[in-house]
1. Has the range 62-74 got any residue that is touching a Gly at 6+ places or on another chain (Cβ under 6 Å) and either among the hydroxyl-bearing types (Ser, Thr, Tyr) or within 12 Å of Asp221 (Cβ to Cβ) (or both)?
2. When you scan the range 175-184, how many residues do you find that are out of contact with any Lys or Arg (no Cβ under 8 Å at 6 or more places or on another chain), open to solvent by less than 70 Å² (accessible area, probe 1.4 Å) and either closer than 21 Å to Ser160 by Cβ or in a loop (DSSP other than H, G, I, E, B) (or both)?
3. Cβ-Cβ below 6 Å, separation at least six or inter-chain, first residue in the range 105-126 and free of Cβ contacts under 8 Å to residues at least 12 places away in the same chain and more than 15 Å from Ser160 (Cα to Cα), second open to solvent by 30 Å² or more (accessible area, probe 1.4 Å) and not in a helix (DSSP H, G or I): which pairs?
4. Which pairs have Cβ atoms under 8 Å, sit 6 or more apart or on different chains, and link a residue in the range 203-218 that is of a type in the set (D, E, K, R) to one that is open to solvent by 20 Å² or more (accessible area, probe 1.4 Å)?
5. In the range 211-244, how many are hydrophobic (A, V, I, L, M, F, W, C) and loosely packed, with under 14 Cβ neighbours inside 10 Å?
6. Can you find even one residue in the range 256-270 that is within 23 Å of the chain's Cα centre (by Cα) and either at pLDDT below 85 or under 30 Å from Ala135 (Cβ atoms) (or both)?
7. Only residues that are of a type in the set (A, V, I, L, M, F, W, C) and within 30 Å of Leu237 (Cβ to Cβ): list them for the range 114-149, please.
8. Tell me, which residue of the range 206-240 that is assigned to a helix (DSSP H, G or I) and among the charged types (D, E, K, R) is farthest from Val163 (Cα to Cα)?
Amino acid sequence: MACARCNDTGWRPVVTDGVRRVERCDCWRDEVKSQLVVEARIPPRYARCTLDNFVLYQNEKLMAAVAHARRFADQFPAVQKGLCLIGPPGIGKTHIAVSVLRRVILERGARGLFYDVRDLLRVIRSTYNPVVRTAEMDVLRPVMDAELLVLDDLGAEKPSEWVEETMNLIVNTRYNERRPTIFTTNYLDAGDETTLDSLRVRVGFRLHSRLHEMCEFLEYDGGDYRMLPANGGPDDLATLWKRHKGRRTLPARAHGPARAQMKESPAMRELQWPGGKAGRS
């Protein structure tokens with residue numbers, strides 16, 4: 001059905017102080033925002049996530065994390081730091097991150113982008129295949145240039161030299177360009193270097209240091225939403241949380257940071273930082 005105000009032209013006539021002119025119609029703005037949401041690559045499972053439909057219950061750190069995320073969305077783009085949501089699986093970290101991303105796209109018209117870190121690295125690797133016609137920078141440039149980037153499940157990829165250098169390149173570029181990033185991770189921010197499944201070991205010392213400089217760390221625990229009964233609500237989540245409080249840990253997936261010797265990619269050489277390899281500070 002054609003727009004009654006602009007007849008689907010995207011422009012509507014207006015009269016101001018007796019002067020007739022045209023301006024962009026609201027239907028055009030809505031269409032642009034809808035397209036930005038599509039281009040953000042938000043997974044269908046999270047397509048309707050908002051902070052308003054996030055199920056809250058009496059959990060001080062969870063409520064503080066949601067309040068912090070809401071303030072971030074309210075203040076965007078005038079934010080000094082990104083966010084790093086930390087906690088065990090199933091507590092709503094991705095829901096919160098996507099909710100903020102959707103809101104800044106729909107309310108601010110920002111260009112946002114969502115990537116699961118493992119999927120992003122898979123796509124970058126695929127560009128090394130001569131059969132694939134996509135260049136590495138065709139993948140990296142939108143990730144580096146997005147006004148708001150969500151990187152989900154940081155640290156899930158098996159550590160290697162190539163993974164560390166690639167992630168450092170992306171994060172350092174965004175840091176230098178003052179572009180905020182929201183990270184989610186299951187790995188706790190343990191200060192002990194001998195804790196093999198800590199965030200510091202999984203992502204490397206350089207990236208871990210940069211994360212602390214560019215993000216507010218929001219670490220919390222909670223009930224596993226994936227274990228919630230079909231008609232469950234806040235009380236059920238609170239019960240799940242209290243039942244497993246302090247007992248939820250990640251399986252030991254790492255046996256120390258692997259250092260696979262992989263050839264540095266052309267894009268890293270192209271964006272090499274002064275005095276060393278790409279992303280080195």
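The values are calculated or read from the model by the stated rules, or taken from the named source; none is laboratory data. Here the structure is a predicted model, which means the values were calculated and not measured. A quick note on method: Cβ atoms are made from the backbone with ideal geometry, for glycine too, and the neighbour counts reach across all protein chains shown. Quick note on the areas: whole protein, heavy atoms, side chains included, nothing else; ligands and nucleic acids left out. Shrake-Rupley method; radii C 1.70, N 1.55, O 1.52, S 1.80 Å.
1. Yes: the range 62-74 contains one or more residues that are touching a Gly at 6+ places or on another chain (Cβ under 6 Å) and either among the hydroxyl-bearing types (Ser, Thr, Tyr) or within 12 Å of Asp221 (Cβ to Cβ) (or both).
2. Of the range 175-184, the ones out of contact with any Lys or Arg (no Cβ under 8 Å at 6 or more places or on another chain) are 176-179, 182-183.
Adding the requirement that they be open to solvent by less than 70 Å² (accessible area, probe 1.4 Å) leaves 179, 182-183.
Checking the rest, the ones that are also either closer than 21 Å to Ser160 by Cβ or in a loop (DSSP other than H, G, I, E, B) (or both) come to 179, 183.
Residues in the range 175-184 being out of contact with any Lys or Arg (no Cβ under 8 Å at 6 or more places or on another chain), open to solvent by less than 70 Å² (accessible area, probe 1.4 Å) and either closer than 21 Å to Ser160 by Cβ or in a loop (DSSP other than H, G, I, E, B) (or both): 2 in total.
3. Ser126/Val132
4. Pairs found: Arg206/Glu164; Arg206/Arg280; Arg206/Ser281; Arg210/Tyr175; Arg210/Ser281; Glu213/Tyr175; Glu216/His68; Glu216/Lys81.
5. Kept after step one, since they are hydrophobic (A, V, I, L, M, F, W, C), are these residues of the range 211-244: 211, 214-215, 217-218, 227-228, 230, 237-238, 240-241.
Now drop any that are not loosely packed, with under 14 Cβ neighbours inside 10 Å, which leaves 227, 230.
Matching residues across the range 211-244 total 2.
6. Just the residues of the range 256-270 that are within 23 Å of the chain's Cα centre (by Cα), to begin with: 267-268.
From what is left, the residues that are either at pLDDT below 85 or under 30 Å from Ala135 (Cβ atoms) (or both) are 267-268.
There is at least one residue in the range 256-270 that is within 23 Å of the chain's Cα centre (by Cα) and either at pLDDT below 85 or under 30 Å from Ala135 (Cβ atoms) (or both).
7. Filtering the range 114-149 down to residues of a type in the set (A, V, I, L, M, F, W, C) leaves 114, 117, 120-121, 123-124, 131-132, 135, 137, 139-140, 143-144, 146, 148-149.
Within the range 114-149, Phe114, Val117, Leu148, Leu149 meet the criteria.
8. Filtering the range 206-240 for residues assigned to a helix (DSSP H, G or I) gives 206-214, 225-227, 234-240.
Those still in the list that are among the charged types (D, E, K, R) too: 206, 210, 213, 226, 235-236.
Details: Arg206: 13, Arg210: 16, Glu213: 20, Arg226: 29, Asp235: 41, Asp236: 39 Å.
Checking each candidate, the answer is Asp235.
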